[in-house]
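Q: Below is the structure I would like to discuss, written out as structure tokens.
The values are calculated or read from the model by the stated rules, or taken from the named source; none is laboratory data. Everything numeric in this text was worked out from a predicted model, so none of it was measured. Every residue, glycine as well, gets a Cβ built from its backbone with ideal geometry; the counts of neighbours run over all protein chains shown. Just the protein is used for accessible areas: all its heavy atoms, side chains included, with ligands, DNA and RNA removed. Shrake-Rupley method; radii C 1.70, N 1.55, O 1.52, S 1.80 Å.
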Amino acid sequence: MAQAQGYQFRCPAPGTVVEQSTGSRLAYRGPDANDPMVCTMANGERRAFGYWAAGSPFYRSGRTQLARLVSGSVGPASKEERLDYFSLGRDSNSVHFYEAWRVAGTGPVQVVAGTFDTLRLERRVQIQNTAFSYTETVWLDRASGAPVKVQVDHLNGFMAPSLTSWEATEVRTRTTG
């Protein structure tokens with residue numbers, strides 16, 4: 001069984017840029033001074049694990065569980081943390097979310113930008129009393145901390161336009177240009 005022992009999330013170094021197959025890019029300024037799981041971006045955004053908005057309801061309510069998941073004391077890759085929170089839906093009504101996060105393993109992933117030794121984080125999202133659900137898997141490069149691939153699997157007919165799959169077409173750090 002794959003182990004994540006010894007892994008501790010860290011933000012990509014300042015100046016790291018990840019070009020995405022969607023035409024977007026992630027440009028990093030460095031770690032947030034107040035939260036080691038949050039990266040500051042060149043555009044001023046704060047992103048949890050260098051990918052998700054740090055102001056997201058799931059991160060605000062589940063930060064402790066997520067920190068435990070990616071800490072150096074993480075055991076087998078099948079370990080799971082569950083989040084249960086409320087947020088406003090598209091119609092401004094309160095919506096009850098359930099999420100299950102797990103370290104889905106470690107190992108190489110090949111993308112256009114090259115082959116990276118990664119930690120796979122898997123996030124399963126379900127909204128109570130609806131058919132809306134999806135799984136989002138993010139591959140984080142263990143050497144740089146940068147996300148290099150995202151796979152979104154919509155588990156129903158309702159697709160959120162902001163949830164898309166992509167892979168890195170280029171990863172630049174200060175040392176590689």
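Q: Residue 117 to residue 100: extension gain in nm, 0.36 nm per residue of separation minus the Cα-Cα distance?
A: In short, 3.8 nm is gained.
Q: Hey, can you grab everything whose amide H is under 5 Å from the amide H of residue 142? Only 5+ residues off in sequence or another chain; H modelled, so Pro and N-termini drop out.
A: HN-HN under 5 Å from residue 142: 117, 118, 119.
Q: If each DSSP helix of 4+ residues adds -39,500 (n - 2.57) and the sum is divided by the residues in the chain, what number results at 222 nm, nearest 500 deg cm²/dmol?
A: -2500 deg cm²/dmol
Q: Something else: Which of rounded, prolate, oblate describes the stretch 84-138, given a ≥ b ≥ c as roots of the alpha-carbon gyration tensor eigenvalues and a/c under 1.5 marking rounded, otherwise prolate only if a/b is larger than b/c? Kindly include the intermediate steps, with their values, before the conclusion.
A: Working: a/c = 3.76, a/b = 2.65, b/c = 1.42.
Prolate, since a/c reaches 1.5 and a/b exceeds b/c.
Q: Let me ask something additional. Give me the distance in nm between label points sitting 7 Å out from Cα along the Cα-to-Cβ direction at residue 35 and residue 64, one decimal.
A: Output for this residue pair reads 1.5 nm.
Q: Keeping every protein chain present and rolling a 1.4 Å probe, give me the accessible area per residue for the chain in Å².
A: 49 Å²
Q: Given points 7 Å out from each Cα along the Cα-Cβ axis, report the residue 21 to residue 87 separation in nanometres with one decimal.
A: 2.5 nm
Q: Can you list the equivalent-ellipsoid semi-axes of the chain, largest first and in whole Å, using the square root of 5 times each Cα gyration tensor eigenvalue?
A: 25, 19, 17
Q: Any idea what the relative contact order of the stretch 1-71 is, in percent, if you count C-alpha pairs under 8 Å spaced at least 6 apart?
A: Numbers: 102 pairs, mean separation 17.5, N = 71.
Dividing the mean separation by the residue count of the stretch 1-71 yields 25 percent.
Q: Further question on the same structure: Filter the trypsin sites (Lys or Arg not before Pro) in the stretch 50-152 to those in DSSP coil with at most 11 other Cβ atoms within 10 Å of their Cβ, and list the result.
A: Hits after loop and neighbour filter: 90.
Q: Can you tell me the orientation of helix 57-69 relative to the chain, as the angle in degrees between its alpha-carbon axis and the longest Cα principal axis, to the nearest 10?
A: In the chain, helix 57-69 runs at an angle near 60 degrees to the longest axis.
Q: Net charge within 11 Å of residue 112 by Cβ-Cβ distance, Lys/Arg positive one each and Asp/Glu negative one each, not counting residue 112 itself?
A: -2
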